[in-house]
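Reviewing the structure listed below.
The values are calculated or read from the model by the stated rules, or taken from the named source; none is laboratory data. These figures come from a predicted structure and were not determined experimentally. Here Cβ is always computed from backbone atoms with ideal geometry, including for glycine, and neighbour counts include all displayed protein chains.
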Amino acid sequence: MTGFASSHDVLQVPNEDSRSGTKLGKFRQFFAASVVTLGIFGLGTVLAYTSPALPKIESTGDLGNVTYSQKAWVGSTSMLGALSSSPFAGYGVDKFGRKNLMILLAFPFIAGWIFIPISTTFTLVYIGRFITGFCAGGLSLAVPIFISEMAEDHIRGLLSSLFQLMMVLGILFIYVVGTYVTWQNLAYISAAFPTLFLILLTSIPESPRYLLAKGRRSDATKSLVWFRGVNDPDIVESEISRVQASIDESKGEKVRLATIFSRSIIQPVLICLSLMVFEQISGFNAIIFYTVDIFKASGSQLDSNLATIIIGIVQVLATVVSCILVDLTGRRILLIFSEVVMAASLFILGAFFYIKTKNKEVSPEGFGWVPITSLIVFIIAFAQGIGPLSWTIMGEILPPNLKGPCSSVATFLVWFSAFLVTLGYEHLLELLGRYWCFWLFAIFCVIGTVVVTLFVPETKGRSLEEIQSLFNHSDKKKPLPASKECLAGQDE
């Protein structure tokens with residue numbers, strides 16, 4: 001981290017500039033977002049790799065007999081790598097630049113995947129998983145910042161949602177390909193994506209906001225011209241001047257301890273951190289890591305690999321719908337829907353395994369639809385709300401002059417929670433039984449519902465300056481209005 005006077009306050013385009021945006025500009029912004037989220041596709045492959053790979057490692061005996069502890073560490077070492085990357089990424093995103101940090105992470109990302117298939121012991125697998133997790137975790141910090149800094153207001157939600165869409169596409173890819181290839185070849189194939197990511201990064205410019213913060217005004221102008229698809233120097237220059245003024249203002253601010261703990265800062269930070277934690281303790285990563293095992297344990301007659309692929313397809317489709325809804329219905333309602341439905345599906349899934357475990361006379365054959373239906377509903381709910389929106393809201397509500405350290409802390413907390421969940425899942429499974437694992441995740445979702453209902457404001461349709469003003473108003477204990485549309489309605 002570089003300190004509190006961070007260069008993370010986000011490049012903004014006011015409504016009049018947004019209306020001046022060209023189709024070429026929107027295409028270029030979409031292309032750039034697609035390129036950088038290819039790194040998040042790689043994150044999806046890291047998350048899902050263990051689901052098809054671990055059963056094959058066990059069945060082939062390539063690495064000897066596999067213990068519960070080894071399975072847990074294969075899953076969790078990638079999360080340990082991800083949380084370890086947070087301080088480096090928080091520093092590097094300002095020191096080297098958003099684009100350059102992504103390039104730096106791509107090289108070890110490729111190497112980490114190569115470590116896994118050449119392994120003859122679990123030690124090398126752990127190393128490969130740690131490296132790929134480290135790189136994926138760093139990208140999870142850099143990518144949302146890059147997108148938020150180059151996107152126009154009215155498509156920021158859509159472009160930010162590509163983060164989750166590309167991640168679930170990576171997960172689906174592993175589910176499908178992992179069914180047909182060895183665990184070694186699956187790792188080799190996965191290495192192709194950070195390679196493509198590295199190549200395509202050379203075709204897009206650096207964030208204009210970052211370039212301005214580093215005093216490279218000419219380069220920033222060229223970058224902004226490219227992203228907006230315009231050649232009118234007046235339009236670009238007015239935006240450049242405005243952003244430069246905000247940078248100068250943020251550099252001149254001295255953040256005192258009392259200011260840090262004011263409601264206008266602590267409230268959005270706590271909201272962001274809470275959403276990040278609830279995303280992880282919903283159990284999503286544990287379910288993604290061990291989907292095949294869950295279906296095998298259910299005794300369902302449906303092939304476990306086929307069921308896993310079905311879930312992956314549903315996840316992708318649900319995320320596509322979420323990309324459309326996020327700027328139509330708003331963030332808050334999707335978050336509440338997500339947490340409530342996830343809790344219900346996890347309670348039902350836990351009940352299925354409880355009955356199966358406690359009542360041996362009940363055959364699972366007649367209830368084989370319960371686990372896949374519950375997981376499909378869970379995945380849809382996750383993809384509609386807490387999955388994509390925790391990252392979207394992080395880029396929207398964090399205070400601009402504290403975004404550097406806050407983003408680093410938030411991503412550290414995400415991956416620390418993911419590490420605990422994935423490491424603890426196998427041990428809780430052995431200690432409490434599968435049903436209690438799902439019930440615990442369901443309880444966390446209920447708590448998440450309460451937190452969202454009480455504390456998370458609507459950010460749909462607002463510029464980042466307007467969002468910050470909401471929390472500044474909260475210092476005066478005024479209620480947070482639901483959205484810009486609500487304010488317009490009141491004026492009428």
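At-a-glance table
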| read-out | value |
| --- | --- |
| Filter pass, LYS56 being charged (D, E, K, R), in contact (Cβ under 8 Å) with a residue 12 or more places away in the chain, under 22 Å from SER304 (Cβ atoms) and assigned to a helix (DSSP H, G or I) | yes |
| LYS95 among the basic types (Lys, Arg), in contact with a Pro (Cβ under 8 Å, 6 or more places away or on another chain) and over 29 Å from GLY283 (Cα atoms) | no |
| Where LEU335 falls short, out of the listed (1) more than 16 Å from PRO371 (Cβ to Cβ); (2) modelled with pLDDT of 80 or more; (3) surrounded by fewer than 18 Cβ atoms within 10 Å (Cβ to Cβ); (4) of a type in the set (A, V, I, L, M, F, W, C) | (3) |
| Cβ-Cβ under 6 Å pairs, at least 6 apart or on other chains, the stretch 332-352 side closer than 16 Å to PHE284 by Cβ, far side of a type outside the set (A, V, I, L, M, F, W, C) and assigned to a helix (DSSP H, G or I) | LEU334/GLN384; SER338/GLN384; GLU339/GLY448; GLU339/THR449; VAL340/THR449; SER345/SER374; LEU349/SER374; GLY350/TYR435 |
| Subset tally (residues that are assigned to a helix (DSSP H, G or I) and in contact with a Gly (Cβ under 6 Å, 6 or more places away or on another chain)) for the stretch 306-329 | 0 |
| Selection status of GLY25, modelled with pLDDT under 90, buried (at least 24 other Cβ atoms within 10 Å of the Cβ) and farther than 16 Å from LEU165 by Cβ | no |
| VAL421 vs. criteria in contact (Cβ under 8 Å) with a residue 40 or more places away in the chain and part of a helix (DSSP H, G or I) | yes |
| One residue from SER160, SER119, SER140, SER148 being touching a residue at least 24 places away in the same chain (Cβ under 8 Å), in contact with a helix residue (DSSP H, G or I) (Cβ under 9 Å, 6 or more places away or on another chain) and not in a helix (DSSP H, G or I) | SER119 |
| One residue from VAL181, VAL177 being surrounded by fewer than 24 Cβ atoms within 10 Å (Cβ to Cβ), at pLDDT 90 or above, aliphatic (A, V, I, L, M) and outside any helix (DSSP H, G or I) | VAL181 |
| Sole exception among (1) at positive phi; (2) at pLDDT 50 or above for THR37, by number | (1) |
| Unique match (being at pLDDT 80 or above, out of contact with any Leu (no Cβ under 8 Å at 6 or more places or on another chain) and farther than 30 Å from ILE204 by Cβ) among SER300, SER264, SER274 | SER274 |
| Complete set of residues in the stretch 74-105 that are touching a Phe, Trp or Tyr at 6+ places or on another chain (Cβ under 7 Å) and surrounded by fewer than 20 Cβ atoms within 10 Å (Cβ to Cβ) | SER84, LEU104 |
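Each row is one residue, and each column tells you yes or no for (1) touching a strand residue (DSSP E or B) at 6+ places or on another chain (Cβ under 8 Å); (2) under 20 Å from ALA410 (Cα atoms); (3) assigned to a helix (DSSP H, G or I).
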position: VAL66; (1), (2), (3): no, no, no
position: GLY90; (1), (2), (3): no, yes, yes
position: VAL93; (1), (2), (3): no, yes, yes
position: PHE109; (1), (2), (3): no, no, yes
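Results for (1) among the aromatic types (Phe, Trp, Tyr); (2) surrounded by fewer than 24 Cβ atoms within 10 Å (Cβ to Cβ); (3) modelled with pLDDT of 95 or more; (4) within 28 Å of PRO405 (Cα to Cα), shown as yes or no for each residue.
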| position | (1), (2), (3), (4) |
| --- | --- |
| PHE107 | yes, yes, yes, yes |
| ILE118 | no, yes, no, no |
| ARG129 | no, no, yes, yes |
| GLY137 | no, no, no, yes |
| VAL143 | no, no, no, yes |
| ALA151 | no, no, no, yes |
